[in-house]
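Before any comments, here is the structure.
Here, each number is a calculation from the coordinates, and none is a lab measurement. In this text, all values refer to a predicted model and were calculated from it rather than measured experimentally. As a convention, Cβ positions derive from the backbone with ideal geometry for all residues, glycine included, and neighbour counts pool all protein chains shown.
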Amino acid sequence: MILVDLAARAGGPFRVFTLDTGRVHEETYQMMETVRQRYGIAVEPAFPDREEVERMTAEHGPNLFYGSVAARKMCCDVRKVRPLERKLREFAAWATGLRREQTAARADIAKVEESGGRIKLNPLADWTAAQVEEYTRAQGVPVHPLYGRGFASIGCAPCTRAIEPGESERAGRWWWEQGGPRECGIHFAADGTVARGAALKTDA
Ligand code: SF4
């Protein structure tokens, strides 16, 4: 949300999109509506391909992600990775709220990356959780309701839980997978060629 707030204050044209996997929390839809009203901007949902979801669900069941890491990655691929790839074709540049301290896999992310002719910005890469909290409080940035219930990273409802004191920010993601990277693959696969405008993506 800080990215949206910063962009709105900067005043330039930008678009905001989010991956609506079909499995997100009701509170996430509430948050989308809050953003629409607070900033007066459209939040564009990027949906998965209907036929791909129907085929996957029919063959593997609605909760396939609990069955194996491979099944979980298949679901993330259908519901997140491919929709993101399709959506990114509309943009020359996009920005995310990824931060280096969130996981070991994000420890080396740069503030500016280039892939497939597209620019990816991670302006909060060196922000700490304390800085995020301070900016949010000071600027009155809207907060996802689940943060108040112990969630530290919010994705799909069946794959996200609140964390315990001392756990890492991403510990609540795919918590049943031991020692996994806590990533769905979308953050390191920005590709595509069509260029038009700039975008912000809410975190996944
Ligand atoms: S987070 Fe879970 S429900 Fe969401 S796309 Fe990945 S496996 Fe599927």
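Sequentially through the stretch 8-18, phi angles give Karplus couplings (6.51, -1.76, 1.60; θ = phi - 60°) of 5, 5, 5, x, x, x, 7, 10, 10, 10, 9 Hz, Gly and Pro residues having no value and appearing as x.
Please state the charge dipole magnitude for the stretch 1-70, taken about the Cα centre, from unit charges on C-beta atoms (+1 on K and R, -1 on D and E), reported in debye and rounded to the nearest 20.
Computed about the Cα centre, the dipole is about 360 debye.
When the alpha carbon coordinates of the stretch 61-107 are projected onto the principal axes, the ranges are 36, 29, 12 Å, largest first. Under 4 °C and 1.567 mPa s, how fast does the stretch 64-180 diffuse according to Stokes-Einstein, given a Kirkwood radius computed over C-alpha pairs? Answer in µm²/s, whole number. Answer, rounded: 80 µm²/s.
Cα-based values for the chain, radius of gyration first and Dmax second, are 16.5, 49 Å. A crude spin-label estimate for the pair residue 41 and residue 92, with each label 7 Å from Cα along the Cβ direction, gives 1.8 nm.
A Förster distance of 30 Å, applied to the separation of the beta-carbon atoms of residue 137 and residue 157, puts the FRET efficiency at 0.65.
Distances longer than 14 Å among the Cα atoms of the stretch 1-82: what percent of all pairs is that? Pairs farther apart than 14 Å: 68 percent.
If only the Cβ of Lys and Arg carry +1 and only the Cβ of Asp and Glu carry -1, the dipole of the chain around its Cα centre is close to 300 debye.
You can think of it this way: the chain between residue 63 and residue 167 has 34.9 nm of extra reach, that is 0.36 nm per residue less the Cα-Cα gap. For residue 46, nonlocal amide neighbours, meaning residues 5 or more places apart or on other chains whose placed amide H falls under 5 Å from its own, are 18, 19, 20.
Positive-end ranking of 68, 103, 78 along the dipole of the stretch 59-112, with charges on Cβ about the Cα centre, is headed by 103. Evaluated over the chain, the count of Lys pairs having alpha-carbon atoms less than 17 Å apart is 6 (only pairs 8 or more residues apart or interchain).
Give the percent of DSSP beta bridges with both residues in the chain that are antiparallel, rounded to the nearest 5. Counting only bridges with both partners in the chain, antiparallel ones make up about 30 percent. Distance from a point 7 Å along Cα→Cβ of residue 54 to each backbone N in the stretch 68-87: keep the residues under 19 Å and list them by number. Those under the cut-off are 75, 78-80, 83.
Other residues whose C-beta falls under 9 angstrom from the C-beta of residue 159 contribute a net charge of +4, scoring Lys and Arg +1 and Asp and Glu -1. Hey, with R₀ at 35 Å, roughly what FRET efficiency would residue 128 and residue 178 work out to, going by the Cβ-Cβ distance, to 0.05? Efficiency at R0 = 35 Å is approximately 0.85. Counting only Cβ charges, +1 for Lys and Arg and -1 for Asp and Glu, the dipole size of the stretch 24-113 around its Cα centre is about 280 debye.
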